[in-house]
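The values are calculated or read from the model by the stated rules, or taken from the named source; none is laboratory data. All figures in this text were calculated on a predicted structure; none of them were measured in a lab. Backbone-built Cβ (ideal geometry, glycine too); neighbour counts: all protein chains shown.
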Ligand code: MN
């Protein structure tokens, strides 16, 4: 057991006075307010116990207060207090189900870079794990992927090594990049384009490799917006134009499917329709050299059922209710994608003779599609192993091991880069 260090004993900084417990220059999310208030109540011998779950722990709260004190008087390009950024990053990590070390690192990730805090102090206050995560993210921020071949290959190598030691480093980095992309409008045009390009070429594919669908889509759409503003606006317009019509058609198909599943005694967890992301529609148009009006799967119906077996039974029903288009069925349950994505995909002729894509999966598959490796943290049975470190030895990261092996085998930087780009960043992953 390690002794709990009261922050005021080891912190060079005074703990905030009671009336500044909650900063007024940045709106804190509720979970963080609760954390701060119960933490201070506890310090003062109060009654409210810290829940001691992942995001409401003493360490998470201390990390926030430490970052808050150090980032004071620092501002973002938007004019906002700097602390709003680490708070947002910690929140994204919390949403992914990150552990206390990850959430704390979210608060602290810019501390070493932007303040004079030595990593040793982080270790003393928050332990080795947090120190290593923050140091890892700091190192990643210094890598430049636009440099010449030799240098670029070396930077990729460093990034993969950092990931191999602890995959959580890249997840914290992805959360950092996502929030930076969300607030990119405040930077100069040149900076915007540089960051957007790097995001599109490196971080969105990495998010995809790790299976974190929700990060990947948003990173891509935001990059698209800044790299191809005209095309982006056009896509937005296209998708909005026929929305009412499209939604009515999808609703009808969804309703029919719901009834049929019910008759067949298949447990339907959810039926929903969602428009595809703008960048994926754009890519499809480019790839197939088609007009927007010829791309039919701008929206898909997602059917979530109870079990694997029900997925296949549901598919039979979908194909019985609506005529399938030949060659468009894909079984990613039997043959999962390398990032562990699983679903059945099919395209059928829906109402009014228009094709509709249908995706069928279980709730567990859905979680993996959204959260990827992070689903392991988020939906892990409580009481299971608390080791969330995840290294390249894990079965899920064969690709990462392979990339590291390549860099040993391929001495030529050009060859290594080609392998990296061909494999890591293959869109068909
Ligand atoms: Mn940052």
> Which condition number in (1) surrounded by 14 or more Cβ atoms within 10 Å (Cβ to Cβ); (2) modelled with pLDDT under 95 is the one that residue 304 fails?
Replying inline: (2)
> What do you reckon, is residue 132 touching a helix residue (DSSP H, G or I) at 6+ places or on another chain (Cβ under 9 Å) and touching a residue at least 40 places away in the same chain (Cβ under 8 Å)?
Replying inline: no
>> Among the residues that make up the range 77-91, is at least one of them away from the ligand (no atom under 16 Å from the Cβ) and assigned to a helix (DSSP H, G or I)?
In response: no
>> On the basis of being part of a helix (DSSP H, G or I) and over 25 Å from residue 374 (Cβ atoms), does residue 233 make the cut?
In response: yes
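Would you be able to say whether some residue in the range 16-28 is modelled with pLDDT of 70 or more, within 16 Å of the ligand (Cβ to nearest atom), under 30 Å from residue 185 (Cβ atoms) and outside any loop (DSSP other than H, G, I, E, B)?
Within the range 16-28 (the criterion being modelled with pLDDT of 70 or more, within 16 Å of the ligand (Cβ to nearest atom), under 30 Å from residue 185 (Cβ atoms) and outside any loop (DSSP other than H, G, I, E, B)), the answer is no, since none of the residues qualifies.
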> Is there a residue being assigned to a loop (DSSP other than H, G, I, E, B) and closer than 26 Å to residue 361 by Cα anywhere in the range 268-277?
Replying inline: yes
> Among 145, 126, which is away from the ligand (no atom under 15 Å from the Cβ), within 20 Å of residue 167 (Cβ to Cβ) and crowded, with 22+ Cβ neighbours inside 10 Å?
Replying inline: 126
> Identify, please: which residue in the range 163-184 is surrounded by fewer than 20 Cβ atoms within 10 Å (Cβ to Cβ) and under 17 Å from residue 399 (Cβ atoms) and is, among those, farthest from the ligand (Cβ to nearest atom)?
Replying inline: 164
> Which residue, of 369, 314, is within 22 Å of residue 99 (Cα to Cα) and surrounded by 15 or more Cβ atoms within 10 Å (Cβ to Cβ)?
Replying inline: 369
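Answer with yes or no whether residue 99 is over 19 Å from the mean Cα position of the chain (by Cα) and more than 16 Å from the ligand (Cβ to nearest atom). Steps first, answer last, please.
Values: over 19 Å from the mean Cα position of the chain (by Cα): no; more than 16 Å from the ligand (Cβ to nearest atom): yes.
No: the conditions fail for residue 99.
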> Going by the conditions given, is residue 159 under 21 Å from the mean Cα position of the chain (by Cα) and more than 20 Å from residue 218 (Cα to Cα)?
Replying inline: yes
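Conditions (1) free of Cβ contacts under 8 Å to residues at least 24 places away in the same chain; (2) surrounded by 16 or more Cβ atoms within 10 Å (Cβ to Cβ); (3) farther than 12 Å from residue 314 by Cα; (4) touching a helix residue (DSSP H, G or I) at 6+ places or on another chain (Cβ under 9 Å), marked per residue:
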site: 238; (1), (2), (3), (4): no, yes, yes, yes
site: 255; (1), (2), (3), (4): yes, no, yes, no
site: 264; (1), (2), (3), (4): no, no, no, yes
site: 273; (1), (2), (3), (4): no, yes, yes, yes
site: 278; (1), (2), (3), (4): no, yes, yes, yes
